[in-house]
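Here, each number is a calculation from the coordinates, and none is a lab measurement. The structure displayed is predicted, hence computed values, not measured ones. Note: ideal-geometry Cβ built from the backbone for every residue, glycine included; neighbour counts use all protein chains shown.
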Amino acid sequence: MEYKLCNKTDMKTVAMMEEKYIECPWSESTLLESFGQDSYVFVKAEEDGNLLGYGSVQIVLDEGNINNIAVDENFRNKGIASGILNNIISHCKERRVSIMFLEVNEHNKSAIALYTKFGFEKIGERKNYYKSGNAIIMSLKL
């Protein structure tokens, strides 16, 4: 398993994973537009040339906002999301980010557990942010 930065050709697969696993998916064109900006970092988990998961963060000044993390359902519970998140945090530290933020669906217990394991704390809530429920806002001081 390798964790590394995505390349432009990965955005097609990322878009398919967004559509399948993310409640409010980004389109391939939005992903490509974001990928082309210095403020975005896309990390992937790859094995034998296959993209098994990805995550993205937008860095503005000293803040990082995690957009999405997703892992192919056939490869879950193997620590891949932890590896992706660890890489995202490392990239944020390299770019002198002092605080990270994210929103997560209140019903996504596995994601909440992952973020909590890494030290993220709940700082607020957005009512009816998702079709299926509220968003929990979490932050991590680096």
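Odds and ends about this structure:
- Stokes-Einstein diffusion coefficient of the chain, Kirkwood radius over Cα pairs, 37 °C, 0.692 mPa s, in µm²/s: 216
- Integer Hz, Karplus 6.51/-1.76/1.60 couplings in order for segment 94-105, x for Gly and Pro: 4, 9, 6, 6, 9, 8, 10, 10, 7, 10, 9, 4
- FRET efficiency for the pair MET16 and PHE118, taken as 1/(1 + (r/R0)^6) with r the Cβ-Cβ distance and R0 = 30 Å, rounds to 0.70.
- Net length gained if the chain between LEU142 and GLN37 were fully extended (0.36 nm per residue, minus Cα distance): 35.5 nm
- Amide hydrogen proximity for LEU142: with H placed 1.01 Å from N in the peptide plane, the residues at 5 or more positions away or on another chain lying under 5 Å are ILE99, MET100.
- Taking the Cα centre of segment 56-142 as reference, the dipole from Cβ charges on Lys and Arg (+1) and Asp and Glu (-1) amounts to some 120 debye.
- Greater than 27 Å apart at Cα, pairs in LYS78/LYS131; LYS44/LYS109; LYS4/LYS78; LYS8/LYS141; LYS78/LYS117; LYS93/LYS122: LYS78/LYS131; LYS8/LYS141
- Distant-in-sequence amide H partners of ASN67 (H built 1.01 Å from N, under 5 Å): SER56, VAL57, GLN58
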